[in-house]
Amino acid sequence: MHIRRTTVVLIVGPVVLVAGAAWMQWLAFGLPSIPMSPTSPTSVPQGFPAWLRVAHYVNLLFIVLLIRSGVQILMDHPRLYWNVHCTPGTEWLRLTPVVVPMDRVWTAKDDARYLTPWIGLPGRRHTVGMARHWDFLSVLVWLVNGAVYCALLFGAGQWLRIVPATWRIVPEAWAYFVRYATFHMPPEPDAFYRYNPLQQLTYFTVIFILGPFAIVTGPSMSPALTNRFEWYPKLPGNRWNVHINVGTMPGRLRGGAG
């Protein structure tokens, strides 16, 4: 595997800066105080209904299938680019030791890598066709499950747990982040009834920002759609690069989001 140093700096740098700021605040001023009054409304539902739990299990199952089939598709051309021309040698991430030779014809089949069926779906080498079928089938069920989840979320009032009601949540979320980053568990007196501000912001971002963005960037990889709507694939960065990073993030971050 090869990754460009500039990309490492761009990805790791902000994380280090934010975590460093949290540590500096703790060392200089101590732990920030945790507000006693809840940011979310006091009328939030109690507990987690059965439909919400089932939706999470279905989401987990098909997120795993999407990640496995997506990784299999990626292994047919195991390189990610920030640009749109994908010229050999300009990739920021290369998941293969093979460097594209310049003295002979090199096709996508030559670039394909073997992936064990324990990880990829369906696994093995150059099975991108079946991997796409798995990806399309899984995403349809994932979309239906997400639509049902959102409908019930607002219909049953569970959205009160997730949607921020005031901008006060931002400094309060930072206070919780400082405690987590410095390995100090914050007090959770009513965790069964409401999320803390940092959890609430995270779940809101995953469900209502990253999820829809993954859906929007998915069709940009369809040749039929992009040939018909030439403006569609002109998204920030390379369309495959954006989709695979954003598309897998809900599964990585969401965890037990309700």
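Readers should treat all values here as calculations from the given coordinates under stated rules, not as data from a laboratory. What you are looking at is a predicted structure, and each value in this text was computed from that prediction instead of being measured. All Cβ positions, even for glycine, are placed from backbone atoms using ideal geometry, and neighbour counts span all protein chains on display.
Quick notes
- For the pair Val148 and Asp110, the difference between a 0.36 nm per residue extended length and the Cα-Cα distance amounts to 9.5 nm.
- Environment charge of Leu95, counting only residues whose C-beta is closer than 12 Å and scoring Lys/Arg +1, Asp/Glu -1: 0
- Computed packing ranks the peptides 132-139, 85-92, 72-79, 222-229 as 72-79, 132-139, 85-92, 222-229, most packed first, by mean other Cβ atoms within 10 Å.
- FRET efficiency for the pair Val141 and Thr226, taken as 1/(1 + (r/R0)^6) with r the Cβ-Cβ distance and R0 = 25 Å, rounds to 0.50.
- Stretching the chain fully between Met130 and Val99 yields a gain of 8.5 nm (0.36 nm per residue, less the alpha carbon separation).
- Using θ = phi - 60° in the Karplus curve 6.51 cos²θ - 1.76 cosθ + 1.60, the 3J(HN,Hα) couplings for the stretch 89-94 round to x, 9, 5, 8, 9, 10 Hz; x is entered for Gly and Pro.
- Listed values for the stretch 119-132 are Karplus-derived 3J(HN,Hα) couplings in whole Hz (6.51 cos²θ - 1.76 cosθ + 1.60, θ = phi - 60°), namely 10, x, 10, x, x, 6, 10, 6, 10, 5, x, 5, 4, 5, and x replaces Gly and Pro.
- The ranking of Val141, Val98, Val15 from fewest to most other beta carbons within 10 Å of each one's beta carbon is Val15, Val98, Val141.
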